[in-house]
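Everything below concerns the one structure shown next.
The values are calculated or read from the model by the stated rules, or taken from the named source; none is laboratory data. None of the values given here were measured: they were computed from a predicted structure. Here the Cβ is made from the backbone with ideal geometry for all residues, glycine too, and neighbour counts use every protein chain on show. Just so you know, the surface numbers come from the protein's heavy atoms only, side chains and all, with ligands and any DNA or RNA stripped out. Shrake-Rupley method; radii C 1.70, N 1.55, O 1.52, S 1.80 Å.
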Amino acid sequence: MSEDERHRSDLLYTLMDTYIKNDVLSVQESIVNHVEYTIARSRYHFDDFEAYQATAYSTRDRLIESWNDTQQYFHDQDPKRVYYLSMEFLVGRSLLNALYNLNLKGLYREALEQLGYNLEIIKERERDAALGNGGLGRLASCFLDSMATENLPAWGYGLRYQYGMFRQTIQDGFQRENPDYWLTLGNPWEIERPNVTYPVSFYGHVSAREEDGRQIFVWNPAEQVDAVAYDNPIPGYRTANTINLRLWSAKPSREFDLESFNSGDYVASILEKQNAESISSVLYPDDRTYKGKELRLKQQHFFVSATLQDILRRYTAQHGSLENFSDKVALQLNDTHPTIGIAELMRLLMDVYKWGWTASWEATTKVFSFTNHTVLPEALEQWPVELLQELLPRHMQIIYDINWRFLQELRAKFGNDQAREYRMSIIQEGDEKMVRMAHLALVASHTVNGVAEIHSELIKQTIFEDFYEMYPKKFQNKTNGVTPRRWLAFCNPPLRNLINETLGTDAWISRLDLLEGLKSHADDGEFQSRWVEVKQLAKAKLAAKIKELCGVEVSTDALFDVQVKRIHEYKRQVLNILGIIHRYDQIRNMSEEEKADVVPRVCIIGGKAAPGYELAKRIIKLISAVSQRVNNDPAVGDLLKVVFIPDYNVSLAEVIVPGSELSQHISTAGTEASGTSNMKFAMNGCLIIGTMDGANVEIAEEIGDDNIFIFGALAHEVPKLRTERADLKVDDRFAHVVRLISSGEFGYADFFTPIVDAVQGSDYYLVANDFPAYLRAQDAVDRTYKNSSIWTRMSIMSVAGCGKFSSDRTIRQYATEIWGVEPCERPRPPNAPEGY
Ligand code: GPQ
């Protein structure tokens, strides 16, 4: 290479490969530029929020560069791609996550400091992107992080709701719901793509015509809406890859229906068109409860139709045709919510691309796979045939055709078995015919998976028993995981540093099994005291948060006992609160001498109830009422505090999880598919009290039975216990605490009657059955906590045994065992700065 050429290639490198410079001055320049030119504030005078915005835009520039280069690399390499289709992504905040993943955190902290701003303070000004309800949505976000980190050629697809998860406030102890208009002050993390727009159709009728001797169906829709793409870059950790989360927003169609404007009423026509935007306006706050709302079905179709059009368009743009499409694309359905996409793909292939049924079906069944997240029957989606017929007439035809062929297959395999056909048909017969979306997903997917070992076994024995008999090879398990970046390394820096120092490396952050190396330090006294110090720091942060949000002063000498998750009967917050009442009643009746022996506790509960879930809302009120009583009883003092933390969300969890010492995962065995917060808590050295349910089973296996407080009935015992519940001789303590509630000890006796009736009546979730075992387990907790060295050992062993619960592991298993996709890592540019 000549001097000149070398010079040119250097230039090419600086200009074309790393256009953005990463040194303190360049970063400051970039931030100040954004203050001045993006948000149009004076560079001499901007507040913390504006500093946050400018920092976010500056970070986004770097993400975009990495995003562009990664997408170009994927295009050039042309590997098989995977698309994760989910109606929910519970993203949380993005700033710190992006800076850490780009390895720019230190640089930005310093750059900001010199400008007079504190990164720790300004990062708090970011609003959570709460485009999900709970575990299912957060899992999708952890998966994106891991797919980027594992260098998979993957994209996520979802909806850009204008109103995310509602904001919960507590007034007089009652939940109130407020809209979460998270986009009001702008969203620096998204890139609007007005040129990536697809029409999505609804209603109308289907006609048929002959074409080349074949019957072609034509859907003549009556309504059309445009889907506009918004791209959200997802950076991987310690890789130059940045993948994409593409979210769709509904806009009035640009072309459709122009004639109506000539009808004379121009203004009315504009207003009517404006309604189109409502399709992507709101996230349904119902979690695991299916409600047959037309708008929800519209959202589902809007989402999958835009997504599939986009995938097919991008594929044909690159390959010239759809040839080999099914070898080069995998589509994962996150629960049944995107299942209408099966009919939509069939429609697109047959009606638009003019493939025949056989080829279309072959391709469709080769690309789709499906994850189930619950065995609770109330979550199984079923849409009225009548509604589908009206909203998506062509899809309903296709579903009937799929079902007809499926029933043929069934007969061929099992002979004439009417009862079986009735159970398995995609169409449920009855007064109101329904389409069973899970059956459609099962028939058309090459694989179905549960989300923890016990759950994957249960779906084979219960809700999908018939399908397991018919397609045993389709069934797999993929135990959930969480990203160890957000849920350990980034949310708990003191623990991260201690682990780094102890293991002599930070490689565990992307290879979580390396945490095993902590085991040999579990009994080391000096290490233990540093471990305790780290926990105390996190507890102090949580205590400050509790003071800020609940106005309650709590002692960091007390045991911090936490249950945070959506409020559901099956999750048994009621068991927790009954246990708290029992504890309270004991303490207030103790002598001073006895009190001296009590381990002080702070019981922390948080979570949202679906706005229409009356009983769940009453449970929140009960928790508040108990906390009012307990916290103000001078006989109790610091021995027991009860707080309900309002508006539990991702960023609160990032404070709560590290600061907890005991966390409760106490669902009736067989009801919680997996749980993922159990993994987050364990990873942060918090001990678990829990039932043999969901991922608790595997956590116990990994960290060892003696490092976890397990209690309660087992999943296989539950059905029988339910039938015998009426004959159960209930524990006296149980009867007593329930009586305290119904007799008005906490006020609102009438309001709490449905809760009392539920646990005294059929007690479907077996609260009474498990109550004595629960109290025993809580006693064991108290006893253990008194011995700091044993407790700390258990805490260390929990973290050390958590390697399996990284979503990196989960994603690798999906990639090899379900999707058949391989990593595609973009090489770093030569001489690229560290972290580029
Ligand atoms: N899950 Cl079906 C949700 O958060 N929402 C839902 O609608 C359904 C399931 C959860 C499930 O309850 C947890 O046990 C899982 O850990 C989580 O999905 C992710 O798989």
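The table that follows gives values for the structure above.
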read-out: Residue match in the range 367-378 (condition: of a type outside the set (A, V, I, L, M, F, W, C) and more than 30 Å from T479 (Cβ to Cβ)); value: no
read-out: Residues (in a loop (DSSP other than H, G, I, E, B), more than 18 Å from F709 (Cα to Cα) and not aromatic (F, W, Y)) located in the range 564-577; value: K565, R566, I567, H568, E569
read-out: Evaluation of S667 against (1) surrounded by fewer than 20 Cβ atoms within 10 Å (Cβ to Cβ); (2) under 19 Å from H455 (Cβ atoms) (one fails), failing number; value: (1)
read-out: Members of the range 511-559 that are touching a residue at least 24 places away in the same chain (Cβ under 8 Å), under 20 Å from G801 (Cα atoms) and of a type in the set (D, E); value: D513, E516, D523
read-out: The range 326-343: number of residues that are within 16 Å of the ligand (Cβ to nearest atom) and among the β-branched types (V, I, T); value: 2
read-out: Spans of helices (runs of 4 or more DSSP H) in the range 451-506 with at least 1 residues open to solvent by less than 50 Å² (accessible area, probe 1.4 Å) and within 16 Å of the ligand (Cβ to nearest atom); value: 453-461
read-out: All positions within the range 432-478 that are within 30 Å of N97 (Cα to Cα) and touching a Lys or Arg at 6+ places or on another chain (Cβ under 7 Å); value: N449, V451
read-out: Residue match in the range 706-728 (condition: part of a loop (DSSP other than H, G, I, E, B), closer than 28 Å to F143 by Cβ and among the small types (G, A, S)); value: no
read-out: Meets criteria (touching a Gly at 6+ places or on another chain (Cβ under 8 Å) and not β-branched (V, I, T)) for P719; value: no
read-out: Test: residue in the range 643-653 that is under 30 Å from K720 (Cα atoms) and in contact (Cβ under 8 Å) with a residue 40 or more places away in the chain; value: no
read-out: Strands (runs of 3 or more DSSP E) within the range 88-164 that include 1 or more residues in contact with a Ser or Thr (Cβ under 7 Å, 6 or more places away or on another chain) and within 16 Å of the ligand (Cβ to nearest atom); value: 89-92, 154-159
read-out: Hits in the range 722-771 (condition: open to solvent by 40 Å² or more (accessible area, probe 1.4 Å), small (G, A, S) and under 34 Å from the mean Cα position of the chain (by Cα)); value: S762
read-out: Residue match in the range 244-263 (condition: touching a Phe, Trp or Tyr at 6+ places or on another chain (Cβ under 8 Å), of a type in the set (S, T, N, Q) and closer than 30 Å to R511 by Cα); value: yes
read-out: Test for L131: is it in contact with a helix residue (DSSP H, G or I) (Cβ under 6 Å, 6 or more places away or on another chain), open to solvent by less than 20 Å² (accessible area, probe 1.4 Å) and in contact (Cβ under 8 Å) with a residue 40 or more places away in the chain; value: no
read-out: Residue within the range 219-235 that is out of contact with any strand residue (DSSP E or B) (no Cβ under 8 Å at 6 or more places or on another chain) and either open to solvent by 30 Å² or more (accessible area, probe 1.4 Å) or without any contact (Cβ under 8 Å) to a residue 40 or more places away in the chain (or both) present; value: no
read-out: Among (1) assigned to a strand (DSSP E or B); (2) closer than 14 Å to H337 by Cβ; (3) away from the ligand (no atom under 15 Å from the Cβ); (4) of a type outside the set (D, E) - the single one T169 does not satisfy; value: (2)
read-out: Which numbered condition Y203 misses (of (1) surrounded by fewer than 18 Cβ atoms within 10 Å (Cβ to Cβ); (2) of a type outside the set (K, R); (3) without any contact (Cβ under 8 Å) to a residue 60 or more places away in the chain); value: (3)
read-out: Residue that is away from the ligand (no atom under 16 Å from the Cβ), aliphatic (A, V, I, L, M) and outside any loop (DSSP other than H, G, I, E, B), where the choices are V448, V443; value: V443
read-out: Matching entry among D561, D523, D513 (being open to solvent by 60 Å² or more (accessible area, probe 1.4 Å), outside any helix (DSSP H, G or I) and not hydrophobic (A, V, I, L, M, F, W, C)); value: D523
read-out: Subset of the range 682-702 [part of a helix (DSSP H, G or I), more than 13 Å from the ligand (Cβ to nearest atom) and open to solvent by 10 Å² or more (accessible area, probe 1.4 Å)]; value: E701, E702
read-out: Any hit, the range 248-271, residues being surrounded by 15 or more Cβ atoms within 10 Å (Cβ to Cβ) and touching a residue at least 60 places away in the same chain (Cβ under 8 Å); value: yes
read-out: Residue within the range 614-623 that is within 15 Å of the ligand (Cβ to nearest atom), of a type in the set (A, V, I, L, M, F, W, C) and surrounded by fewer than 20 Cβ atoms within 10 Å (Cβ to Cβ) present; value: no
read-out: Hits in the range 172-185 (condition: open to solvent by 40 Å² or more (accessible area, probe 1.4 Å) and in a loop (DSSP other than H, G, I, E, B)); value: D172, P179, Y181, T184, L185
